[in-house]
Amino acid sequence: MADPLILSETVGAAAVLRINRPAALNAIDIATLRAFGAAFAAAEADAAVRVIVITGAGEKAFVAGGDIGDLARRQGLAHYQEFAEDIHNVFSRVEACDKPTIAAVNGFALGGGTELLLCTDLRLLADNARLGLPEITLGLFPGAGGTQRLIREIAPCRAREMMFTGEPVSAAEAVALGLANRVVPKAELMAETLKLAERIAAKSPLTLRLLKRTLRHGSQMALPQALAHEQAMIGLVLDSDDAHEGCRAFLEKRPAQFAGR
């Protein structure tokens, strides 16, 4: 029996999704993409899951990009458009998820690996990680959201340089560019990621959900409209059971017990 393409486990309140093609450096083919999409949707729908962690199997790669061999076998515009639509749908689902998402980047994150990382909320990099969009060296350009997300994430001139040259950046350079939160020793990556997930999972899931929506929608609005959106969202938060519990816990000098209501 073939190994599963996605390994899923629950650690506390975190779902850990591990892309499992280490022999192919976790390159994404259509089957892996669809398996990942299904696993992500299941974690998103699980009420017990408060944080979703995405990482890669093996020692070398988070995701080393799309599976070029698989793409080469699927000749014809219709096949290419189908793959492009599928990967956009899955990655956009990650980006729009109401639950906090963390990328634990355990090695190469190239092409689609960097594009997947750009859809997550927080990114921890192992010290051996390398990020980049090398598609130009194959006569391609990033087609899983990278052209639009990277240029919104970092200085546009640096985004263009990464895409025009295809040259990767080190973990430290990625943090300096604002692409990741921090670098940790490779051996400590998952432990540090799960500690971060645990701290976030202790917060109100309702408030986190509304906060993510406020950040996401507000970033697409002019400032006056974004501030009005924030005002509406904070009103919902203030009226929630979790906000009342948080205030009571503060006054009573005890940890809050958030129920997500």
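The values are calculated or read from the model by the stated rules, or taken from the named source; none is laboratory data. Bear in mind the structure is a predicted one, so any value in this text is a computation, not a measurement. Glycine also receives a Cβ, built like all others from the backbone with ideal geometry; neighbour counts cover every protein chain displayed.
Just one of the listed residues (Glu115, Glu95, Glu161) is crowded, with 18+ Cβ neighbours inside 10 Å, outside the structural domain of Gln220 (by TED's automatic domain parsing), at pLDDT 95 or above and not hydrophobic (A, V, I, L, M, F, W, C), namely Glu115. Just name the residue that is nearest to Ala96 (Cα to Cα) out of those in segment 210-257 that are assigned to a helix (DSSP H, G or I) and among the acidic types (Asp, Glu). Among residues in segment 210-257 that are assigned to a helix (DSSP H, G or I) and among the acidic types (Asp, Glu), the one nearest to Ala96 (Cα to Cα) is Glu230. Using the structure shown, decide if Arg123 is closer than 20 Å to Glu173 by Cβ, in the same structural domain as Val11 (by TED's automatic domain parsing), buried (at least 19 other Cβ atoms within 10 Å of the Cβ) and modelled with pLDDT of 95 or more. Considered against the rule, which asks whether it is closer than 20 Å to Glu173 by Cβ, in the same structural domain as Val11 (by TED's automatic domain parsing), buried (at least 19 other Cβ atoms within 10 Å of the Cβ) and modelled with pLDDT of 95 or more, Arg123 comes out as yes. Scanning segment 206-233 for residues that are surrounded by fewer than 16 Cβ atoms within 10 Å (Cβ to Cβ) and without any contact (Cβ under 8 Å) to a residue 12 or more places away in the chain yields Leu215, Ser219, Gln220, Met221, Ala222, Leu223, Pro224, Gln225, Leu227, Ala228, Gln231, Ala232.
Restricting the first member to segment 83-96 and to residues that are more than 23 Å from Leu122 (Cβ to Cβ), and the second to residues that are outside any helix (DSSP H, G or I) and among the aromatic types (Phe, Trp, Tyr), no beta-carbon pair is closer than 8 Å while six or more apart or on different chains.
Among the residues of segment 131-151, those that are within 16 Å of Asp67 (Cβ to Cβ) and either hydroxyl-bearing (Ser, Thr, Tyr) or buried (at least 16 other Cβ atoms within 10 Å of the Cβ) (or both) comprise Pro134, Glu135, Pro142, Gly143, Ala144. Of Ala191, Ala197, all but one fail to be in the same structural domain as Arg123 (by TED's automatic domain parsing), under 23 Å from Arg149 (Cβ atoms) and out of contact with any Leu (no Cβ under 7 Å at 6 or more places or on another chain); the exception is Ala197.
Whether any residue in segment 79-86 is touching a helix residue (DSSP H, G or I) at 6+ places or on another chain (Cβ under 7 Å), closer than 28 Å to Glu167 by Cα and part of a loop (DSSP other than H, G, I, E, B) is what I want to check. No.
Only one residue in Thr55, Thr120, Thr114 is part of a loop (DSSP other than H, G, I, E, B) and within 11 Å of the chain's Cα centre (by Cα). Which one? One residue alone meets the criteria, Thr120.
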